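Visitor: Dropping a structure here in structure tokens format, bear with me for questions.
The values are calculated or read from the model by the stated rules, or taken from the named source; none is laboratory data. From a predicted model like this one, the values you see are computed outputs, not experimental measurements. Ligands, DNA and RNA are excluded from the accessible area calculation, which covers all protein heavy atoms including side chains. Shrake-Rupley method; radii C 1.70, N 1.55, O 1.52, S 1.80 Å.
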Amino acid sequence: MTKWPAQRETNELALPYHLGSTVGGYRRAGYSNSFSYVGYSGGQIVAVESREWADEVESLDRLAALRVGKYFPVKKITLLTKVGRVTELRPDDTADNPFWYIFKVQCTSCREIHPNFVNVSRFEANDMSGSRGEANFVWKCKSCKRESTATIKAPPIPYTQASPPTRQKILEFDCRGLEFVEYRPEGDWLATGLESGTKFAEIDLTEGEWFDYDDKAGEEASIKDIKWEISRN
């Protein structure tokens, strides 16, 4: 297991330097304000955002091979629920009608969890400071003033009916300098009748369950025992 330096020593060493700069002859190869833990390997400073991630890296050589600045956590929202007579449960999320994903945010630099929820759309592009490109969500921590970003990597994946119910990935996002720690499922969802093909719209999941009647099938349609989770991909 790689031995990582203490966070205080790491910040003194790495954070004052910027992309492309050198420290003691080692070329800087990543964003200076995103990392908490660093080490040396192959003539490079290698770094990750948190000790949690560092502990999973078997060697500094492996981390260096990934190229610093590329090794960021990819997170996902997963759903476990009992769906009755419906399938293909997904957010109503199109360019003409964007879905706003609502999260509570934690800064990975100072570890502050901010009290207000934030909204993220995969169709919104926001400029990052320093002309570093765009992201769906650009956010500055009110406590430590560091800028962080998040980008949704792909369209949402429909939840399909299964017996017994299985936990399935709904959305995947790339976080840099922040983590989403809580998800609130506000907004309209869609679903399809399991055998009838009936289209259900404007499904509200905020109460943790949903019920309707499928006229074509002559049966009740339901979604219940909803359990959300944000986890590493």
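Visitor: If each residue of separation counts as 0.36 nm, what is the full-extension length gain between ARG232 and ASN116 once their alpha-carbon separation is subtracted?
Guide: Value of the extension gain: 39.5 nm.
Visitor: Give the lysines whose C-alpha is closer than 27 Å to that of LYS169, dropping any in the same chain fewer than 8 places away, or say none.
Guide: LYS70, LYS75, LYS76, LYS82, LYS104, LYS153, LYS199, LYS224, LYS227
Visitor: By how many nm would the segment from CYS144 to GLU195 grow when fully extended, if each residue of separation counts as 0.36 nm and the alpha-carbon distance is taken off?
Guide: 13.1 nm
Visitor: Shifting gears a bit: Calculate how large, on average over all directions, the projected area of the Cα convex hull of region 94-233 is; give the answer in nm² to one decimal.
Guide: 9.9
Visitor: Here's something else I'd like to know. Once you keep just the Cα pairs under 8 angstrom separated by 6 or more residues, what percentage relative contact order results for region 89-187?
Guide: 33
Visitor: Computed on alpha carbon atoms, what radius of gyration and Dmax characterise region 95-158, expressed in Å?
Guide: 12.7, 37
Visitor: Share of region 105-233's accessible area from carbon and sulfur, percent, 1.4 Å?
Guide: Carbon and sulfur atoms account for 42 percent of the accessible area of region 105-233.
Visitor: Quick one: length gained pulling LYS153 to PHE123 fully straight, 0.36 nm per residue minus the C-alpha distance?
Guide: Stretched out fully, the LYS153 to PHE123 stretch lengthens by 9.7 nm.
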